[in-house]
């Protein structure tokens, strides 16, 4: 078959079917794993008042038409997080969700406009519990995919042992180890020093644009120097992000840092975990700052979900994490592109 053959062509599908069968086994194994630990599976609606309030996430917009013909703008969610946290506020102590989520402007070997996000939450537990969950789920995925995959996971020449205990590596330590940058020195006084980080990045051979913010430079270093070195040999938990990159996380003991970590294997980001922020006023401020930056960059902003912030103010202390389920299946099965592990890829665009 040629590259232009549709995914449903029998020969194309036959090539993908082993990956899809492994996907089903992993999905079933994960559901059993969560239920054995007292988690309740929940379902979340895709239509939301707000798709989320992150600077670089692009949503699919639509509209709800009422019987009288009036319309209300809505969005396909980029994550089930808003709904999951409302359920925590309602009283659920441990939940998980396999949600189809939607992100525009994303397509490539590791990106697809519609994909499956696994999220789970624990109330009144430290976020280190999520790190233990990640180690257990990696091993579970490896066992479930054994017929299609191997004990060693591979991606672009990098390998990792999914059964090995993950390394917990502080973000600041990773910047020192892989880029020779003293990240904490750019956060003295609690405020990010953009120029200091830019000078350090340029000294490490990383190009910096004149209008790059501190966060832009941080991301450039992370993508170019840090991420390719993570999860080689064994998975890595990149922990304690700087507070300017906290997103949903509450501050750590060191006020310059946040209770946020990311899981990597073979240089691929698999999950993003948080000790969840429950200060609604602080979360609103972060949303507003992010939307102001989005307006500056892209000329648009997304609404803030006031109902979510009201629920957040009642939510108990919790930790939560979002995992790219399709990416995990890719590594577990040895697939080279995300479309290989999707039952029915979206038609159109670059593939």
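The values are calculated or read from the model by the stated rules, or taken from the named source; none is laboratory data. Since we're looking at a predicted model, the values are computed, not measured. Note: ideal-geometry Cβ built from the backbone for every residue, glycine included; neighbour counts use all protein chains shown.
Can you go through 81, 54, 41 and tell me which one is within 21 Å of residue 273 (Cα to Cα), modelled with pLDDT of 95 or more, under 26 Å from the mean Cα position of the chain (by Cα) and surrounded by 17 or more Cβ atoms within 10 Å (Cβ to Cβ)?
Step by step, each of 81, 54, 41 is checked, and only 81 is within 21 Å of residue 273 (Cα to Cα), modelled with pLDDT of 95 or more, under 26 Å from the mean Cα position of the chain (by Cα) and surrounded by 17 or more Cβ atoms within 10 Å (Cβ to Cβ).
Among (1) surrounded by 13 or more Cβ atoms within 10 Å (Cβ to Cβ); (2) at pLDDT 95 or above; (3) assigned to a loop (DSSP other than H, G, I, E, B), where does residue 344 come up short?
Looking at each condition in turn, residue 344 falls short on (1).
Please go through segment 141-166 and pick out each residue that is part of a helix (DSSP H, G or I) and surrounded by fewer than 20 Cβ atoms within 10 Å (Cβ to Cβ). Step through it out loud before you land on a result.
Applying the first criterion (part of a helix (DSSP H, G or I)) to segment 141-166 yields 141-144.
Listed by number, the list holds a single entry, 143.
Got at least one residue in segment 214-222 being more than 20 Å from residue 296 (Cβ to Cβ), in contact with a helix residue (DSSP H, G or I) (Cβ under 9 Å, 6 or more places away or on another chain) and part of a loop (DSSP other than H, G, I, E, B)? Walk me through how you get there before you give the answer.
As a first pass, look at segment 214-222 and keep what is more than 20 Å from residue 296 (Cβ to Cβ): 221-222.
Add one more test, that the residue is in contact with a helix residue (DSSP H, G or I) (Cβ under 9 Å, 6 or more places away or on another chain), and what stays is 221-222.
Keeping just the survivors that are part of a loop (DSSP other than H, G, I, E, B) gives none.
No, the conditions are met nowhere in segment 214-222.
How many of the residues in segment 180-194 are touching a helix residue (DSSP H, G or I) at 6+ places or on another chain (Cβ under 9 Å) and outside any loop (DSSP other than H, G, I, E, B)?
Summing the residues that are touching a helix residue (DSSP H, G or I) at 6+ places or on another chain (Cβ under 9 Å) and outside any loop (DSSP other than H, G, I, E, B) in segment 180-194 gives 8.
Just checking, how many residues over segment 36-60 are in contact (Cβ under 8 Å) with a residue 24 or more places away in the chain and not in a loop (DSSP other than H, G, I, E, B)?
5
If you scan segment 201-211, which residues turn out to be touching a helix residue (DSSP H, G or I) at 6+ places or on another chain (Cβ under 7 Å) and either in a helix (DSSP H, G or I) or under 16 Å from residue 293 (Cα atoms) (or both)?
Hit for segment 201-211 is 201, nothing else.
Out of 7, 33, I need the residue that is in contact with a helix residue (DSSP H, G or I) (Cβ under 8 Å, 6 or more places away or on another chain), at pLDDT 95 or above and either surrounded by 12 or more Cβ atoms within 10 Å (Cβ to Cβ) or not in a loop (DSSP other than H, G, I, E, B) (or both). Which one? Show your work before the answer.
Values: 7 fails: at pLDDT 95 or above.
Unique residue meeting the criteria: 33.
Are any residues in segment 84-105 assigned to a loop (DSSP other than H, G, I, E, B) and surrounded by fewer than 22 Cβ atoms within 10 Å (Cβ to Cβ), and if so, which ones?
Scanning segment 84-105 gives 91, 92, 93, 105.
Can you give me the number of residues within segment 106-130 that are assigned to a helix (DSSP H, G or I) and either in contact with a helix residue (DSSP H, G or I) (Cβ under 6 Å, 6 or more places away or on another chain) or buried (at least 20 other Cβ atoms within 10 Å of the Cβ) (or both)?
The number of residues fulfilling the criteria is 1.
Regarding segment 307-315, can at least one residue be identified that is in a loop (DSSP other than H, G, I, E, B), at pLDDT below 95, surrounded by fewer than 17 Cβ atoms within 10 Å (Cβ to Cβ) and in contact with a helix residue (DSSP H, G or I) (Cβ under 8 Å, 6 or more places away or on another chain)?
Scanning segment 307-315 turns up no residue that is in a loop (DSSP other than H, G, I, E, B), at pLDDT below 95, surrounded by fewer than 17 Cβ atoms within 10 Å (Cβ to Cβ) and in contact with a helix residue (DSSP H, G or I) (Cβ under 8 Å, 6 or more places away or on another chain).
Of everything in segment 66-78 that's over 21 Å from residue 247 (Cα atoms) and touching a residue at least 24 places away in the same chain (Cβ under 8 Å), which residue is farthest from the chain's Cα centre (by Cα)?
Within segment 66-78, the match that is farthest from the chain's Cα centre (by Cα) is 73.
Go through segment 16-30 and give me each residue that's touching a helix residue (DSSP H, G or I) at 6+ places or on another chain (Cβ under 8 Å) and farther than 14 Å from residue 140 by Cβ.
16, 18, 19, 20
Scan segment 239-263 for residues that are crowded, with 24+ Cβ neighbours inside 10 Å and closer than 24 Å to residue 334 by Cβ and report the count.
The qualifying residues number 1.
Looking at residue 177, is it in a strand (DSSP E or B) and either within 21 Å of residue 241 (Cα to Cα) or modelled with pLDDT of 95 or more (or both)?
no
Tell me whether segment 167-180 contains one or more residues that are exposed (fewer than 15 other Cβ atoms within 10 Å of the Cβ) and farther than 30 Å from residue 199 by Cβ.
no
Taking the conditions exactly as written (more than 22 Å from residue 340 (Cα to Cα) and in contact (Cβ under 8 Å) with a residue 12 or more places away in the chain), does residue 63 satisfy them or not?
Here the answer is no, as residue 63 does not meet what is asked.
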